[in-house]
Amino acid sequence: MATVGLKCPECGSLDIVDDEHYSQPQLVCADCGAVVSEGLLTTTRSEETQGTDVRYSNSTEVDKKPCRNLINGIHRVRALCRILRLTFLMEETAETHFKQAYEHPNFIRVSLQKKEVLAGCCVLATCRQHSWPIAMGTICCLLEANPRLIGVVYQEMVKTLKIEAPPTSIINLLETHCQAYKLSPQHVHEELSESSKDLTKRAAVLLELAADAWLVTGRQPIPILTASIFLAWQSLKPTQTRLKYTLARFCQMAKVTKSSIAPKRVTELKEVLCKLGQELPWLRGDEVTPQTVIQMVDDILNHRLTLLRRALSSHEEALASESVLPPSLEDSIPGSHTNTTCLEGAVSSQTPGQTPKDPFVGEPDTVSVQQQGDVDLTCTVVMEGLPHTGPGTDSQHSQPSVPNSGKRSLFEPPSVRYAKIRRVLVPVVEVTGDEEISDSEIDSYIRTPQEIRDYVEAKEALASSDDEF
């Protein structure tokens with residue numbers, strides 16, 4: 001391009017063009033080739049103030065590539081989504097969660113194992129957001145990871161990304177879990193086969209019964225699901241062939257992984273069925289055992305609510321009968337005659353229209369006791385067959401400890417039924433340096449034969465000096 005107004009100092013030609021062949025622009029005469037002016041290698045001050053700072057990553061031609069662990073994690077998320085048959089929208093949501101969590105400072109300096117588990121946690125959170133029935137145990141089996149590690153990473157991820165992922169109902173998980181059991185005639189013998197629809201229907205009723213008996217609350221869903229399906233399979237056709245099958249053999253036949261906690265859930269569910277089966281009126285007092293209760297599951301589930309009410313009332317009557325002391329035991333309790341006199345005075349002071357209450361059943365009425373100033377609670381109250389100690393009783397013959405509250409009710413949560421073993425704090429011994437050192441401690445410090453000879457000589461010298469004095 002010709003430049004107007006410039007003249008070549010060598011030949012006087014006005015044909016001056018820009019030469020941008022090199023990095024430094026120049027003005028060159030087109031006729032003789034003389035360089036009229038050269039460009040500046042450095043920028044001026046005005047150009048520096050008007051320019052903007054550019055990051056090094058943006059100035060390079062090659063874009064920054066994601067790291068290898070991030071790429072592997074995205075591939076793992078996609079593989080899990082395809083195995084679980086998630087929709088394309090859910091797959092994109094899981095990838096977004098994984099990228100956000102991977103680049104967060106809380107997950108930058110973590111172990112590689114936690115980064116691998118993070119992919120499964122993002123898929124699990126996405127499934128819970130879209131009400132997709134997938135349990136944490138399924139993710140554990142697919143990743144072959146520790147359930148505790150997945151639980152820790154999942155809680156941290158939800159808290160970091162502020163995701164609202166409500167847990168899936170166990171009833172919604174049942175249908176998906178039943179489809180994993182290969183019990184069709186194509187996989188097992190006809191006598192052992194069962195349709196998935198009938199199995200799900202029976203297992204759902206057993207799950208409702210387990211929920212009423214506090215066997216589901218606060219527990220992992222996979223073991224109770226396995227136990228319900230196993231008992232449902234046995235109870236639909238309670239033949240001798242099916243009753244001989246154990247849980248491990250059943251899981252091996254159905255080609256599923258047996259949980260280590262599932263046998264405990266089977267035992268607990270059988271105990272609940274035995275308590276309800278004992279209330280069936282046509283048994284006439286026959287004992288119901290875990291081996292025979294499977295044949296009564298159909299009748300128990302059909303009359304579940306009625307049997308629950310009868311079992312609870314029978315348990316309350318049994319507790320009330322235990323709280324009443326026999327006459328021979330009343331005479332042996334100190335102050336029993338005083339208790340009877342006090343209680344008779346309390347009953348006689350009632351109005352004629354009132355009906356007297358049984359003083360030995362349950363806890364005493366606090367309102368009537370407060371109105372009667374002559375009644376002594378330490379002498380009159382008898383709870384659960386355990387007399388309260390009065391001021392005149394010997395401290396050595398103190399009353400036994402009150403039983404656990406879970407034993408007073410027929411169905412209670414496991415945390416109430418089984419008392420938690422509290423941690424005993426070991427007192428810390430303060431060492432001042434002035435403590436006496438025993439011979440056994442000195443022997444433990446001696447290591448070489450020379451130390452042993454020196455110790456023996458010092459001990460003999462001390463003994464001889466004691467004899468002289």
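The values are calculated or read from the model by the stated rules, or taken from the named source; none is laboratory data. Not measured: the values here are computed from a predicted model. Glycine also receives a Cβ, built like all others from the backbone with ideal geometry; neighbour counts cover every protein chain displayed. Each accessible area value is taken on the protein alone, full model and side chains, heavy atoms only, with ligands, DNA and RNA left out. Shrake-Rupley method; radii C 1.70, N 1.55, O 1.52, S 1.80 Å.
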- request: Would you tell me the accessible area of residue 249, worked out with a 1.4 angstrom probe on the heavy atoms of the protein chains, in Å² to the nearest 10?
  value: 120 Å²
- line: A chain fully extended from residue 112 to residue 312 at 0.36 nm per residue, minus the present Cα-Cα distance, gains in nm 66.7 nm
field: Total formal charge among the other residues, if their Cβ is under 10 angstrom from that of residue 72, Lys/Arg +1 and Asp/Glu -1
entry: +2
query: What nm value, rounded to one decimal, do you get for the distance between residue 271 and residue 440 when each label is placed 7 Å out toward the C-beta?
result: 4.2 nm
- request: Keeping all protein chains in place, calculate the accessible area per residue for segment 84-128 (probe 1.4 angstrom), answer in Å².
  value: 50 Å²
message: Starting from the 7 Å offset along Cα-to-Cβ, what nm value, one decimal, do you get for the label separation of residue 186 and residue 79?
response: 2.6 nm
- prompt: Across segment 162-237, how many lysine pairs separated by 8 or more positions, or lying on different chains, have Cα atoms within less than 30 Å?
  reply: 5
task: Work out the length of the dipole vector of segment 189-283 about its Cα centre, built from +1 on the beta-carbon of each Lys and Arg and -1 on the beta-carbon of each Asp and Glu, and round it to the nearest 20 debye.
output: 320 debye
field: Accessible heavy-atom area order of 17, 288, highest first, probe of 1.4 Å
entry: 17, 288
- prompt: Given a Förster distance of 41 angstrom, what is the FRET efficiency for residue 452 paired with residue 429, based on the Cβ-Cβ distance and rounded to 0.05?
  reply: 0.90
- request: Evaluate the distance, in nm, between pseudo-label points positioned 7 Å from the Cα of residue 217 and of residue 100 along their respective Cα→Cβ axes.
  value: 3.4 nm
Per-pair calculated FRET efficiency, R0 = 22 Å: residue 415 and residue 148 via Cβ, rounded to 0.05: 0.70
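If you roll a 1.4 Å probe over the heavy atoms of the protein chains, what accessible area per residue do you get for segment 213-254, in Å²? Let's see the in-between values first.
Working: 1710 Å² over 42 residues.
Solvent-accessible surface per residue comes out at 41 Å².
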statement: Here the net charge surrounding residue 193, from other residues whose Cβ is less than 15 Å away from its Cβ (Lys, Arg +1; Asp, Glu -1), is +2
query: For segment 83-235, which whole percent of the accessible surface, found with a 1.4 angstrom probe, sits on carbon and sulfur atoms?
result: 52 percent
task: Using only Cα atoms, locate the centre of segment 253-299 and the centre of segment 70-96, then give the distance between them in Å, rounded to an integer.
output: 41 Å
